[in-house]
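The values are calculated or read from the model by the stated rules, or taken from the named source; none is laboratory data. Remember, predicted model here, so these are calculated numbers, not experimental data. Neighbour counts are summed over all protein chains in view; Cβ atoms, including those assigned to glycine, are modelled from backbone coordinates with ideal geometry. To get the accessible areas, we keep the full protein, side chains included, count just its heavy atoms, and leave off ligands, DNA and RNA. Shrake-Rupley method; radii C 1.70, N 1.55, O 1.52, S 1.80 Å.
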Amino acid sequence: MASKVTPTRGALMRMIRTASLAQKGHDLLERKRQILMMELVKHIDDAKNLQREMASVFADAYKALERANISMGIDVVEDIAMAVPEEEDFIIRLKSIMGVEIPEIDPIDASLKPSYSFYGTSGSLDIAYSAFRRVLELISRLAAVETSVYRLAVQIKKTHKRVNALEKVAIPFYKSSIAYIENVLEEGEREDIVRMKKAKENLEKKK
């Protein structure tokens, strides 16, 4: 491919500038990839910790629900559950890390805010309600972390492809092109010197 480049000094200067820009771009992308990898590892660790915590909280919540079902009856608990409004107080903020938007969710209030009457209910229902509020709070945090992991992984893959393209294709091409042009120009200079010497010798012979 390098032999297809026009071997002129102008082309050489352009190749040198382009090679320098390609190397700087490669270095910046490599730094970006390393930063994103560190963020990815951190978020993966956070996701693992949340998953372990949520498994424990889920188990406690279902045990509390079982006790409420036994205490009040499944039908009564289901009727009360249907009266609980959907959670809408999700506040999501976006934080940019090297151009990747990472979601951060404000903590959900897991305190007891029952939407049912205390008359005719038992303490076991309150415990179950509180436990599942905690589950909801963990689910929202885990969703944000897993979304972050996905977005970081996608961007790392794209950045990795660009780094490889520069490292294995573009930069070697520019380097070989520069070497080719320099060799051709040097050969041309040597031929010019030889011609000048011969011309000088011919002039001296004529004298």
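Take the residues in segment 73-109 that are in contact with a helix residue (DSSP H, G or I) (Cβ under 8 Å, 6 or more places away or on another chain) and more than 23 Å from Leu136 (Cα to Cα), then tell me which one is most open to solvent (accessible area, probe 1.4 Å).
Glu101
Looking at the structure I just gave you, is Arg14 closer than 30 Å to Glu187 by Cβ and open to solvent by 80 Å² or more (accessible area, probe 1.4 Å)?
Yes.
Select from segment 2-21 the residues that are outside any helix (DSSP H, G or I) and polar (S, T, N, Q) and write down the one among them that is modelled with the highest pLDDT.
Per the stated criteria, the residue is Thr8.
Collect the residues in segment 177-207 that are open to solvent by less than 50 Å² (accessible area, probe 1.4 Å) and either at pLDDT 90 or above or in contact with a helix residue (DSSP H, G or I) (Cβ under 9 Å, 6 or more places away or on another chain) (or both), keeping them in residue-number order.
Across segment 177-207, the qualifying residues are Ser177, Ile178, Ala179, Ile181, Leu185.
Any residue at all in segment 144-162 that is touching a helix residue (DSSP H, G or I) at 6+ places or on another chain (Cβ under 8 Å), modelled with pLDDT of 90 or more, open to solvent by 50 Å² or more (accessible area, probe 1.4 Å) and under 30 Å from Ile16 (Cβ atoms)?
Yes, that holds for at least one residue.
Under 8 Å by Cβ, and 6 or more places apart or on different chains, what pairs join a residue from segment 130-150 that is more than 10 Å from Met54 (Cβ to Cβ) with one that is aromatic (Phe, Trp, Tyr)?
Ser140/Phe90
Take segment 1-34 and flag every residue that is charged (D, E, K, R) and free of Cβ contacts under 8 Å to residues at least 40 places away in the same chain.
Lys4, Arg14, Arg17, Lys24, Asp27, Arg31
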